[in-house]
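What follows is one structure encoded as structure tokens, with my remarks underneath.
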Amino acid sequence: MMLYSCRCLEAMIKYLTLWKKEGQEEPYVSLTRKKMLIDGEEVLIEWEVGHSIRTLAMHRNAYKRMSQIQAFLGSVPQLTYQLYVTLISAEVPLGRAVLMVFSLMSVTYGATLCNMLAIQIKYDDYKIRLGPLEVLCITIWRTLEITSRLMILVLFSATLKLKAVPFLVLNFLIILFEPWVRFWRSGAQMPNNIEKNFSRVGTLVVLISVTILYAGINFSCWSALQLRLADRDLVDKGQNWGHMGLHYSARLVENVVMVLVFKFWGVKVLLNYCHSLIALQLIIAYLISIGFMLLFFQYLHPLRSLFTHNVVDYLHCVCCHRHHHRRAENSEPSFEAETRQSIV
């Protein structure tokens, strides 16, 4: 907290200094080169960036990451707890409603930043601009995904009480240790050049902290990145449609199972509404969020022209693989029949 306050104070001093020196040329500048897609063609742009502007940009990036930590390790537990209390007490005071709205806004903003930061990390050489339509699509996608996911978790927990704790803890631990299992299976060495001033213990602390944040994000929504502890950048910069498809497929099955538990074993006193209708609405909301996600990557992604394969190609490959597999299975009996006829 002290470090965050010092960073805020330094940013304010830098901003006031720039405001006083408005119109004056800064003696210390550096050139920044980025690629930009204009009408489908790559254009190299170059501009001068002053030392003060670069420092403010560094603070801005730090604030973005801090907002993600606050959203997923602070607002998600707060929102989940408030939803659980509201469900049990069957009343929504004004103060609690305001708190839940702000918590949902914080989580949605953090999830939207996940998408923006993922695009910036994967395409570091490009200058990226998201228009209002793209931001609106991401916001709707993330709001529906987080709201339906947290509501399903709350209903499942309210149904099973303490019996739900082992399932939720196991779910979180699987997400937490999955990057470490892949790291140990790869046989790679622990990266020791994440930061020059970090010792081996400091690097290990950073990796554990990043993994906890990664698990916290993936527990409530998709992180938009795949963690790779063996790499210096710690993330997979490929598009990796398989990881995204696996995450949403597993989450959909998991949500359906939890909703069915609520539908068949949910306590009727908790809600005065039809359990079947609630379960159906939550699953439909999650499916709609997946639809907006596919819409974004297929039509609204700012660098979709750089994709070697898009969403439609990936789905087509999956369907073709299943079709060829079925054809191979159907062709085996006919081949055996022809062999028998030739022998006769």
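Being surrounded by 12 or more Cβ atoms within 10 Å (Cβ to Cβ) and farther than 25 Å from Ile140 by Cβ is the filter here; which residues of the range 85-112 pass it?
Those that are surrounded by 12 or more Cβ atoms within 10 Å (Cβ to Cβ) and farther than 25 Å from Ile140 by Cβ: Val85, Ile88.
Just wondering, is there one or more residues in the range 249-272 that are modelled with pLDDT under 90 and at positive phi?
For the range 249-272, residues modelled with pLDDT under 90 and at positive phi: absent.
Run down Leu225, Leu246, Leu204 and say which single residue is aliphatic (A, V, I, L, M) and touching a strand residue (DSSP E or B) at 6+ places or on another chain (Cβ under 8 Å).
Among Leu225, Leu246, Leu204, only Leu225 is aliphatic (A, V, I, L, M) and touching a strand residue (DSSP E or B) at 6+ places or on another chain (Cβ under 8 Å).
Please indicate, with yes or no, whether at least one residue in the range 275-297 is open to solvent by 40 Å² or more (accessible area, probe 1.4 Å), modelled with pLDDT of 85 or more, closer than 24 Å to Thr80 by Cα and among the aromatic types (Phe, Trp, Tyr).
Checked the range 275-297: at least one residue is open to solvent by 40 Å² or more (accessible area, probe 1.4 Å), modelled with pLDDT of 85 or more, closer than 24 Å to Thr80 by Cα and among the aromatic types (Phe, Trp, Tyr).
Within the range 67-111, track down each residue that is of a type in the set (Ser, Thr, Tyr) and over 24 Å from the mean Cα position of the chain (by Cα). Quick ask: steps written out before the conclusion?
Initially, the range 67-111 is screened for residues of a type in the set (Ser, Thr, Tyr), giving 67, 75, 80-81, 84, 86, 89, 103, 106, 108-109.
Passing the criteria: Thr86, Ser89.
Need at least 2 residues that are over 26 Å from Leu300 (Cα atoms), in contact with a Gly (Cβ under 7 Å, 6 or more places away or on another chain) and open to solvent by 10 Å² or more (accessible area, probe 1.4 Å) per element, so show me which helices (runs of 4 or more DSSP H) inside the range 117-233 make the cut, counting only ones lying wholly within it. Spell out the reasoning first.
On the way: elements: 132-160, 164-186, 200-220.
Correct list: empty, since no element meets the threshold.
In the range 78-129, which residues are among the basic types (Lys, Arg) and under 27 Å from Phe156 (Cβ atoms)? So that I can check it myself, show each step before the final result.
Start the filter on the range 78-129 by keeping residues that are among the basic types (Lys, Arg), which leaves 96, 122, 127, 129.
Of everything in the range 78-129, just one residue is among the basic types (Lys, Arg) and under 27 Å from Phe156 (Cβ atoms), namely Arg96.
Pairs needed: first member in the range 236-262, free of Cβ contacts under 8 Å to residues at least 24 places away in the same chain; second member anywhere, surrounded by 18 or more Cβ atoms within 10 Å (Cβ to Cβ); C-beta distance under 6 Å; at least 6 residues apart or different chains.
Listed pairs, sorted by first residue: Asp236/Gln226; Asp236/Arg228; Asn240/Gln226; His243/Gln226.
Going by what's in this entry, would Ser186 be described as farther than 30 Å from Ala279 by Cα and more than 18 Å from the chain's Cα centre (by Cα)?
On the way: farther than 30 Å from Ala279 by Cα: yes; more than 18 Å from the chain's Cα centre (by Cα): yes.
Spelling it out, Ser186 is indeed farther than 30 Å from Ala279 by Cα and more than 18 Å from the chain's Cα centre (by Cα).
The values are calculated or read from the model by the stated rules, or taken from the named source; none is laboratory data. Nothing here was measured: the structure is a model prediction, and the numbers come from that model. When we count neighbours, we look across all protein chains shown, and the Cβ atoms used for this are built from the backbone with ideal geometry, even at glycine. For accessibility, only protein heavy atoms count, side chains too; no ligands or nucleic acids. Shrake-Rupley method; radii C 1.70, N 1.55, O 1.52, S 1.80 Å.
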